[in-house]
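Participant: Could you have a look at this structure, given as structure tokens, before my questions?
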Amino acid sequence: MGELGHVLWIGGSSGSGKTTVARLLARRHGLRWYNSDAHTWAHRDRAIAAGNPAALRFEALSPAERAGLSAEQSIALSLHVERGPLTVADMYALPTSPLIVAEGTQVQCALVITALNSSFMKNDAQQQGDNVVLVGTDDRDMTTVAKDSRGQNVYSYGEIPAGTYPKIQPSGAVYGTKAIGTIQVDAIFVANADWINAHESDYDKLLRSFAAAKPQIAKLAQPQ
């Protein structure tokens, strides 16, 4: 964990028990408890001072306008991504003793977007089996909120089969490992329309490359 080796990170979706576990650990072992959600407005103030467009737009809205935002708009203005580095900066500002247990929706231990049979998950992650545990999610709200330009869901809810990653998957009730829930996402390519118009030849080559790679991508996505 490098320079932040004195920090224990607990990440997860809302309602998953992060705060409960962190408070228990802090009380039992005398750790410093850091809750990122408690710093929401302090982080927003820092983002405003830095001129962040999303923070400035949210600040300009009235309470009624904020309440009327759609789920997509709320996510876009939540500063979820921007608050990650702000949380890390908070860690550097705190004393290194006692050890810190940091938790909250902005704390992501490792969010890995990868195919089931990818080399990273099959090899690299499992080599860290003593330090890495694959945790399932039941955050099904994600599957109904995000939409692409066609109005279709970006995410779907799926399952990593038992035994796919024997060294990092949770143990089964009797033996082996158990299946765990996960959020699935199709491959997404995002490009600026101005860039596409200015690089039509390159864009065409890119689309042809995607089409040519489709069989291999489909094969890679199947657990083996």
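Participant: If you wrap a convex hull around the C-alpha atoms of region 1-109 and split its volume per residue, what is the figure in Å³? Kindly include the intermediate steps, with their values, before the conclusion.
Facilitator: Numbers: hull volume 11.9 nm³, N = 109.
Value for region 1-109: 110 Å³ per residue.
Participant: Within the set of other residues whose C-beta is less than 12 Å from the C-beta of Pro166, count the net charge using Lys and Arg as +1 and Asp and Glu as -1. It would help to have the intermediate numbers written out before the result.
Facilitator: Working: positive: Lys122, Lys167, Lys178; negative: none.
Once positives and negatives cancel, what remains is +3.
Participant: Report the calculated FRET efficiency for Thr144 and Val81 (r = Cβ-Cβ distance, R0 = 25 Å), to the nearest 0.05. Walk me through the intermediate numbers first.
Facilitator: On the way: r = 21 Å, r/R0 = 0.83.
Plugging the Cβ-Cβ distance into 1/(1 + (r/R0)^6) gives 0.75.
Participant: Ranked by Cβ crowding within 10 angstrom, fewest neighbours first, how are Met91, Met121 ordered?
Facilitator: Details: Met91 16, Met121 19.
Neighbour counts put them in this order, fewest first: Met91, Met121.
Participant: Report the label-to-label distance for Leu206 and Glu159 in nanometres (one decimal), using points 7 Å from each Cα along the Cα→Cβ vector.
Facilitator: So the label points at Leu206 and Glu159 sit 3.7 nm apart.
Participant: Okay, moving on. Could you tell me the calculated FRET efficiency between Ala64 and Asn35, based on Cβ-Cβ distance and R0 = 45 angstrom, to the nearest 0.05?
Facilitator: 0.95
Participant: Rank the residues His43, His199, His6 as a footprinting-exposure proxy: fewest other Cβ atoms within 10 Å of their Cβ go first.
Facilitator: Fewest to most other Cβ atoms nearby, the residues stand as His199, His6, His43.
Participant: Applying 1/(1 + (r/R0)^6) with R0 = 30 Å to the Cβ-Cβ distance of Ile48 and Trp195, what FRET efficiency is obtained, to the nearest 0.05?
Facilitator: Given R0 = 30 Å and the Cβ-Cβ separation, E is 0.50.
Participant: Using the Cα centre as the reference, give the magnitude of the dipole from point charges on the C-beta atoms of region 23-114 (Lys, Arg: +1; Asp, Glu: -1; all else neutral), rounded to the nearest 20 debye.
Facilitator: 380 debye
Participant: Cut-off is 10 Å between beta-carbons; in what order do Lys205, Lys18 appear when sorted fewest neighbours first?
Facilitator: Fewest to most other Cβ atoms nearby, the residues stand as Lys205, Lys18.
Here, each number is a calculation from the coordinates, and none is a lab measurement. Predicted model only: the values in this text are computed from it and were never measured. As a convention, Cβ positions derive from the backbone with ideal geometry for all residues, glycine included, and neighbour counts pool all protein chains shown.
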